[in-house]
């Protein structure tokens, strides 16, 4: 948990940014976005290094924000790790742009720029092109859908050859 908090601080230091040319989705609805998402692919960062079986769970907070629970398995240590945070919309709640915090007043970018019609997948950008997550409602995406998302990420300027495909073979 301590490691996730430290890494979250690094991510959050770039509060509110969005990569040039990336546009968060419009017509975003929070209710269908809530629930559990499986991390399908990500760019490498120290706070997630060596993690498999990564999930994110989003739920509504009493203050109208979003409670965030990220969980993953640290393969090298043989243990589960989790980080709790909170997120709030940046501006219009019908735009997929939020700020997320795992530590105090420090917030980082959470920009949903691709979203399935039925909220079955999501691509999330951080403050710059060194942060990218592909999320899905299932632990695996059909290969054709994954290939399409990788093409979209590449077209958006991401180096998809650097993506880590996340294994899902354990449950907490």
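Just so it is clear, none of the values below were taken in a lab; they were calculated from the coordinates. These figures come from a predicted structure and were not determined experimentally. Using ideal geometry, Cβ is built from the backbone for each residue, glycine included, and neighbour counts are taken over all protein chains shown.
What value does the chain have for Rg/Rh, both radii from Cα atoms and Rh as Kirkwood defines it? Show your work: numbers first, answer last.
Numbers: Rg = 14.8 Å, Rh = 16.0 Å.
Using only Cα positions, Rg/Rh for the chain is 0.92.
Sorting the segments 74-81, 160-167, 118-125 by their mean number of nearby beta carbons within 10 angstrom, highest to lowest, gives 118-125, 160-167, 74-81.
Binning the C-alpha pair distances of the stretch 113-172 at 5 Å intervals from 0 yields a P(r) profile of 4, 16, 30, 26, 15, 6, 2, 0 %, listed from the shortest bin outward. Please work out the C-alpha center-to-center distance from the stretch 127-171 to the stretch 48-67 and express it in whole Å. Using only Cα atoms to place each centre, the spacing works out to 18 Å.
Extending 7 Å from Cα along the Cβ direction at residue 145 and again at residue 34 yields two label points whose distance is 2.2 nm. Working from label points 7 Å from Cα in the Cα-to-Cβ sense, the residue 138 to residue 117 distance is 1.7 nm. If you look at the Cα atoms of the stretch 18-76, you get an Rg and a Dmax of 14.1, 41 Å.
In this label model, residue 162 and residue 63 are separated by 3.3 nm, measuring between points 7 Å along each Cα→Cβ vector.
Evaluate the relative contact order of the stretch 35-78 (contact order divided by residue number), counting alpha-carbon pairs under 8 angstrom at least 6 apart; express in whole percent.
38
Of the three principal axes defined by the Cα atoms of the stretch 33-110, the extents in descending order read 40, 23, 22 Å.
Pop the C-beta distance of residue 80 and residue 103 into the FRET formula with R0 = 25 Å and round what comes out to the nearest 0.05. Let's see the in-between values first.
Details: r = 20 Å, r/R0 = 0.79.
For residue 80 and residue 103, the calculated efficiency is 0.80.
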